[in-house]
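Comments concern the structure below.
Coordinate-derived values only; no laboratory data. Values in this document were obtained by computation on a predicted structure and should not be read as measured data. Here the Cβ is made from the backbone with ideal geometry for all residues, glycine too, and neighbour counts use every protein chain on show.
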Amino acid sequence: MSVFRLLFQCIFSPRLNKIYEVGPIDKVYEPKNLERWGDQILTSFGLMWSFGLYAMPFVSTFMYRRSHPLADQVYGLSKMAAGAGIVLIASLVARGYSRASNPIYVEFIRTLNKAKVHYSSDSKQQLLKYDFEFWAWPVDFDINTDVSDGGRKKHLVIVGRNESARGSRELLMALPCRLLSYILAHTFALKLMYPGSISILNYAMGSTLLQGRVDLIKKGGERSKLVTADGNAIDTMFVDQRNKSDNGNILTIACEGNCGFYEIGIMGTPLSKGYSVLGWNHPGFGGSTGAPYPSQEQNGIDCVITYAIKHLGFPENQIILYGWSIGGYTATWAAMHYPSILSLVLDATFDDVLPLAISRMPKPLEGLVRATVRDHLNLNIAEQLVRYHGPVLLIRRTDDEMVCVTESPDVSGTENTEDNNVAWNRGNHLLAKLLTRRYPYLLRGSPEISLLRKFLSVSSSHARRSILDQTGVDEDTCLEMIKQHLSLHNGAVAYPSDFGADFELPDRLRLTLFLATKYMKDQHSQHCTPLVRELFHTGWDPASLVKTP
């Protein structure tokens, strides 16, 4: 490689963060002074550009109101831009020269170039010794070329306004609100809903994310780049525990929260139970490109599951989808499209993002918030969940301060001013919608729904046990009734079920509470506390009660 070619490559090559040595010791890559200086300047430019995109309207207004002529303002801006350009070019050249004179970095560039020319398992193993900026990582899986059908055909779930019922005059009057909601959705609203996509936050958490990747690599993790149907690059980490534990042949796909990354997220709990785990970052999070709009989120999880089945070799019926908080959106979307998965686990998840969004914004903006969410950021988790008919486990945090929407008076009939009152947890609505859709003959009226809401409004195990005892819930009796129903249907489970169609009210009340205890488990903690190991499992499946031939 010629000197000039090497210098050119080093100018535009990725930042090297860490070198994974053979053995327990790894070391941080130490750039030389010129490279460190150049990186700092370029990073500052990137942060200023990111900040400037949001500050531009305010800066433009300020400049317009100044008394200086427009020509003078344009001339001043052009001088500033020219000076910034000179500094930018000088930083690039200085960084490239420093890298080209560093034998450690040159060896890394040669390894990267070799992998790009001929990407194989051997070259990838050599590349896995380095941690560097993810944009330069070779593509491991492209759903557009590696899969003939390009993933599953999407089912659209619509929850919102019925435009056909509105007249042309009403639609015309709504245009300004529509335009404003579009602007908000593509600027501030998305960042408020997914703060992990804010570039400044990604930069601030860089060292923490790096350490998280180091820990996963030491556990046998393998980093890969996936390309989605819309061209986004998804940053993934796969920890293979096949042939290492009893649960290793089952893959858990972890869907993180709105400020969660696989490096520091929910992968730890299923790993501790011996499952193989595939973590991925939302579009716009960490090394992933794009932005976490619903369509890009759907393409992201679709690509991840396709990669797990086609490339990693896990059958669909050996996959657990594990969604935490807002990650329940992608998890339920995937469950709806991949109905043969082993199980769906939803932890600290809500039913619909709209009530949460309205509760956190000023009351006069409710109409605008509603239009923004329904038209652009419609995370209707419950509507997707009820279209999946497999095993489900819902986990509710009893002190959850994030997914509660204040009601006054609360559903238990008492005043409570605490924001994390369990009676206001939107997970209650998620469970109620699931049970109502799966067992419509069982939860057919207000007595069943009222008792379920009362049961879910208490968090202490003693109070819950008291309600169960007062209702006469006996686990053995309830299980026997379910077994008898399944035996009449040759052990088949189909939803919506006619279970409970011939039951009297007392039996329906008992079975409603019994099913609630099976589908939902409580963890006495706040929203961001890691899930305890004992609560992570495949959930309850009625079909397991009857042995099929």
With a 10 Å radius around each residue's Cβ, average the other Cβ atoms per peptide and rank 485-498, 386-399, highest first.
386-399, 485-498
Flagged as over-length at 18 Å C-alpha distance, from Lys191/Lys225; Lys116/Lys225; Lys32/Lys124, the pairs are Lys191/Lys225; Lys32/Lys124
Within segment 254-362, trypsin sites (Lys or Arg not before Pro) in DSSP loop having at most 13 other beta-carbon neighbours inside 10 Å:
Arg360
Among Tyr293, Leu377, Ser272, the residue whose Cα sits farthest towards the positive end of the charge dipole of segment 139-388 (+1 at Cβ of Lys and Arg, -1 at Cβ of Asp and Glu, taken about the Cα centre) is Leu377
In whole Hz, with x marking every Gly and Pro, tabulate ³J(HN,Hα) for segment 108-119 from phi via Karplus 6.51 cos²θ - 1.76 cosθ + 1.60, θ = phi - 60°.
4, 4, 5, 5, 5, 4, 4, 5, 5, 6, 9, 8
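Where Lys and Arg each count +1 and Asp and Glu each count -1, what net charge lies around Pro496 among other residues with Cβ under 11 Å from its Cβ? Write out the running numbers ahead of the final one.
Numbers: positive: Arg437, Arg438; negative: Asp498.
Net charge in that neighbourhood comes out at +1.
Among residues other than Gly284 whose Cβ falls under 14 Å from its Cβ, what is the net charge (Lys/Arg +1, Asp/Glu -1)?
Working: positive: Lys191; negative: Asp230, Asp235, Glu256, Glu297.
Here the count lands on -3.
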Given backbone amide H placed at 1.01 Å from N, residues whose amide H is under 5 Å from that of Thr236, ignoring those fewer than 5 places away on the same chain, are Ser224, Leu226
Using amide H atoms built 1.01 Å from N in the peptide plane, name the residues 5+ places from Ser497, or on other chains, whose amide H lies under 5 Å from its own.
Tyr439
Under-5 Å amide H pairs with Tyr130, H placed in peptide plane, nonlocal only:
Tyr20
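Among Ile482, Ile104, what is the fewest-to-most ranking by other Cβ atoms within 10 Å?
Ile104, Ile482
Enumerate by residue number the trypsin sites (Lys or Arg not before Pro) in segment 499-549 meeting two conditions: DSSP loop (anything except H, G, I, E, B), and at most 13 other Cβ atoms within 10 Å of the site's Cβ.
Lys547
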List the GluC sites (Glu not before Pro) in segment 461-549 that DSSP assigns to loop (not H, G, I, E or B) and whose Cβ has at most 14 other Cβ atoms within 10 Å. Which are they?
Glu504
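To check you understand DSSP bridge types, tell me what percent of the beta bridges within segment 139-388 (both residues inside) are antiparallel, rounded to 5.
Values: 11 of 28 bridges.
Antiparallel bridges make up about 40 percent of those DSSP assigns within segment 139-388.
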Above 13 Å lies some portion of the pair distances; for segment 485-549, what is it as a whole percent of all C-alpha pairs?
74 percent
State, as an integer percentage, the relative contact order of segment 392-549 based on alpha-carbon contacts under 8 Å between residues 6 or more apart.
37 percent
Residue-by-residue Karplus 3J(HN,Hα) for segment 305-312, coefficients 6.51, -1.76, 1.60, Hz, glycine and proline x
5, 4, 4, 5, 7, 7, 9, 7
Average Cα contact separation per residue, segment 168-257, under 8 Å, 6 or more apart, as relative contact order %:
13 percent
Please list 3J(HN,Hα) in residue order for segment 123-130, calculated via the Karplus relation 6.51 cos²θ - 1.76 cosθ + 1.60 where θ = phi - 60°; whole Hz, with x for glycine and proline.
5, 5, 4, 5, 6, 5, 6, 10
Just order 94-102, 113-121 by mean Cβ neighbour count inside 10 Å, highest at the front, would you?
94-102, 113-121
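Grab the other residues whose beta carbon is less than 11 angstrom from that of Tyr194, score K and R as +1, D and E as -1, and report the net. Before the final figure, lay out the partial values.
On the way: positive: Lys191; negative: Glu256, Glu297.
Summing Lys/Arg as +1 and Asp/Glu as -1 gives -1.
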